[in-house]
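A short write-up of the structure that comes next.
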Amino acid sequence: MKRVVFMFLLLFAGSCMYAQDGTTWEEYNYIKKGIAVQAANGLDIEKKGYKVESYTSFKAGPFSFTFDNLRRTTQNNQLAATIVAVAGTTYRKPALFCLPNLTAPADVQEQCLKDITGYFRGQERYLIEVLMRMYAFRTCNE
């Protein structure tokens, strides 16, 4: 019995450490709200323990996309999430989206997907174009 309890605790502790590397709600909220507040007040886009680095930008139809990586400086510049800024449409307000890393909790991933699909409802073809361009960009820059 002690062995079973020990194995359970070991597995639980291991899964918690792994889960800590995923995009957190704090990081999600910073991308969705904090960056907008900083930009609106003319402040630098910065958060203690993180750095923002430019990744790429391009147009897809009426949309302009900018991708920046949010990295944790306290964890060897580990990717926390990708910031996606969308602008340039006459019928949608500019928006910031969080693309969580692959180890983010399911509820964070679900909220991010909900944000993106809600914004692009009826314009899904541009999301496909973005995916194709991102794939091409990564392939050409490896």
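Below, the figures for the structure above:
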{"quantity": "Among (1) of a type outside the set (D, E, K, R); (2) under 23 Å from Phe137 (Cα atoms); (3) at pLDDT 90 or above - the single one Gly49 does not satisfy", "calculated": "(2)"}
{"quantity": "Residues within region 90-110 that are within 11 Å of the chain's Cα centre (by Cα) and part of a helix (DSSP H, G or I), tallied", "calculated": "2"}
{"quantity": "Selection from region 40-67 of residues that are under 30 Å from Glu129 (Cβ atoms) and either among the small types (Gly, Ala, Ser) or touching a His at 6+ places or on another chain (Cβ under 6 Å) (or both)", "calculated": "Ala40, Ser54, Ser57, Ala60, Gly61, Ser64"}
{"quantity": "Every residue from region 111-124 that is within 15 Å of the chain's Cα centre (by Cα) and more than 14 Å from Val84 (Cα to Cα)", "calculated": "Gln111, Lys114"}
{"quantity": "Out of Leu127, Leu131, sole residue that is more than 15 Å from the chain's Cα centre (by Cα) and in a helix (DSSP H, G or I)", "calculated": "Leu127"}
{"quantity": "Every residue from region 39-89 that is surrounded by 12 or more Cβ atoms within 10 Å (Cβ to Cβ), touching a residue at least 24 places away in the same chain (Cβ under 8 Å), in contact with a helix residue (DSSP H, G or I) (Cβ under 6 Å, 6 or more places away or on another chain) and part of a loop (DSSP other than H, G, I, E, B)", "calculated": "Gly61"}
{"quantity": "Count of residues meeting criterion [touching a residue at least 40 places away in the same chain (Cβ under 8 Å), farther than 20 Å from Leu131 by Cβ and among the polar types (S, T, N, Q)] in region 90-110", "calculated": "1"}
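The values are calculated or read from the model by the stated rules, or taken from the named source; none is laboratory data. Values in this document were obtained by computation on a predicted structure and should not be read as measured data. Methodologically, a virtual Cβ is constructed for each residue, glycine included, from the backbone with ideal geometry; neighbour enumeration extends over all protein chains shown.
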